[in-house]
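Below you'll find the structure, written out as structure tokens, and then a few comments.
The values are calculated or read from the model by the stated rules, or taken from the named source; none is laboratory data. Just so we're clear, the structure is a prediction, and the values are computed from it rather than from any experiment. No Cβ is skipped: glycine too gets one built from the backbone with ideal geometry, and neighbour counts run over all protein chains shown.
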Amino acid sequence: SEFDQVLGVLFRAQDPERVIFGLDVNTLVRDESGVTAAMPEYLYNANPLDDIQYLLNKDTLYYSAYTLLTNRWGEGDTIDEGFTWDKDQWWNHMSALGNYDRPEAVEEQLPDDAYLANVAANLAVAEGWIREHPETEFDFFLPPYSMLFWDKVTREGRVDAVLAAIRQAGETLLQYDNVRLYGYLMDADIVTDLDNYCDYIHHSGEVCREILAMLRADEGRLTEENLEETLASWREFVVHYDYDKFWDEDFWTRWNAEHAA
């Protein structure tokens, strides 16, 4: 996968003390058709000889020269800023709702084990990193998709299948001494506030900072002891949640009044 490529490059270059990894649920349950080709193998392997067509490409040379010059003049982005796009988004419940296509509700429920084979295959990649690098601490966290994600999952009859996938991830990863797992996907304070989002899953940079603060404070941690109770409690929360209020103008009138600066 593209994530295996990234970690492969990382571990070839250094021996990190800690890796912080956002374990997206949509990635956790995907099958092979969901694996992207965003990172061509020839650019990320250890063989420099197969890079020649890329290095001598006129577009590559032009944009590389442009990047080097702008960085030298102090006008370029840092490596962190290169992967940050939240300044171009409006983080507001109107954006979140406007970019969400609400599915029709179904009666039939997806079987609990619908995703388990995919989850096992995807986790096997992560287990390879964990076992091969026992001196590295791995902090996995479930990114906090908004309640619109849970509306979608509920209406598509996938709640128990998704929770079973999370359970499997917890049971698999928590058996390793060099792993911690955090369940921010189930942080009600974050996910119920649609003003944190620009669509149903992507949250703002401010939420990123909040996540890092919680990781540092070891908050929201899932353990072998609390995993089942946490999932059961969250299931009760999402299946009984009033999602329809998000499409009620009176609700947002009250919300805006209560959250006015």
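When the stretch 233-261 is filtered for residues that are without any contact (Cβ under 8 Å) to a residue 60 or more places away in the chain and loosely packed, with under 11 Cβ neighbours inside 10 Å, the ones remaining, listed by number, are E236, H240, D242, D244, E249, D250, T253, A257, E258, A260, A261. Determine whether the stretch 204-211 contains at least one residue that is within 17 Å of D139 (Cα to Cα) and touching a Phe, Trp or Tyr at 6+ places or on another chain (Cβ under 8 Å). Scanning the stretch 204-211, I find at least one residue that is within 17 Å of D139 (Cα to Cα) and touching a Phe, Trp or Tyr at 6+ places or on another chain (Cβ under 8 Å), so the answer is yes. Comparison of E137, E228, E210 shows that the only residue that is farther than 29 Å from E32 by Cα and modelled with pLDDT of 95 or more is E210.
Do we have D15 as surrounded by 10 or more Cβ atoms within 10 Å (Cβ to Cβ), at pLDDT 80 or above and either closer than 28 Å to Q168 by Cβ or of a type in the set (D, E, K, R) (or both) here?
On the way: surrounded by 10 or more Cβ atoms within 10 Å (Cβ to Cβ): no; at pLDDT 80 or above: yes; either closer than 28 Å to Q168 by Cβ or of a type in the set (D, E, K, R) (or both): yes.
Criteria not met by D15.
Look at the stretch 180-197: where a residue is surrounded by fewer than 19 Cβ atoms within 10 Å (Cβ to Cβ) and a partner is among the aliphatic types (A, V, I, L, M) and outside any loop (DSSP other than H, G, I, E, B), sitting 6+ places away or on another chain with Cβ atoms under 6 Å, you get T192/M147. When V125, V106, V119 are checked against the criterion of being closer than 21 Å to Y200 by Cα, β-branched (V, I, T) and touching a residue at least 40 places away in the same chain (Cβ under 8 Å), V106 stands alone in meeting it. Within the stretch 210-232, restricting attention to residues that are without any contact (Cβ under 8 Å) to a residue 60 or more places away in the chain and of a type in the set (D, E), which residue is surrounded by the most Cβ atoms within 10 Å (Cβ to Cβ)? Top of the filtered list is E210. Please determine, by comparing only the residues of the stretch 43-54 that are within 32 Å of the chain's Cα centre (by Cα) and loosely packed, with under 11 Cβ neighbours inside 10 Å, which one is farthest from D4 (Cα to Cα). Among those that are within 32 Å of the chain's Cα centre (by Cα) and loosely packed, with under 11 Cβ neighbours inside 10 Å, it is P48. Residues that are of a type in the set (A, V, I, L, M, F, W, C) and farther than 16 Å from Q175 by Cβ within the stretch 126-160 comprise F141, L142, M147, L148, F149, W150, V153, V159, listed in sequence order.
For residues that are outside any loop (DSSP other than H, G, I, E, B) and either among the basic types (K, R) or in contact with a Ser or Thr (Cβ under 8 Å, 6 or more places away or on another chain) (or both), scanning just the stretch 66-118, find the one that is modelled with the highest pLDDT.
First, pick out the residues of the stretch 66-118 that are outside any loop (DSSP other than H, G, I, E, B): 66-72, 81-83, 86-88, 93-98, 116-118.
Now restrict to residues that are either among the basic types (K, R) or in contact with a Ser or Thr (Cβ under 8 Å, 6 or more places away or on another chain) (or both): 72, 86-87, 96.
On the way: R72: 74, D86: 76, K87: 76, A96: 97.
That would be A96.
For the stretch 42-59, how many residues are of a type outside the set (A, V, I, L, M, F, W, C) and out of contact with any helix residue (DSSP H, G or I) (no Cβ under 7 Å at 6 or more places or on another chain)? Residues in the stretch 42-59 being of a type outside the set (A, V, I, L, M, F, W, C) and out of contact with any helix residue (DSSP H, G or I) (no Cβ under 7 Å at 6 or more places or on another chain): 7 in total.
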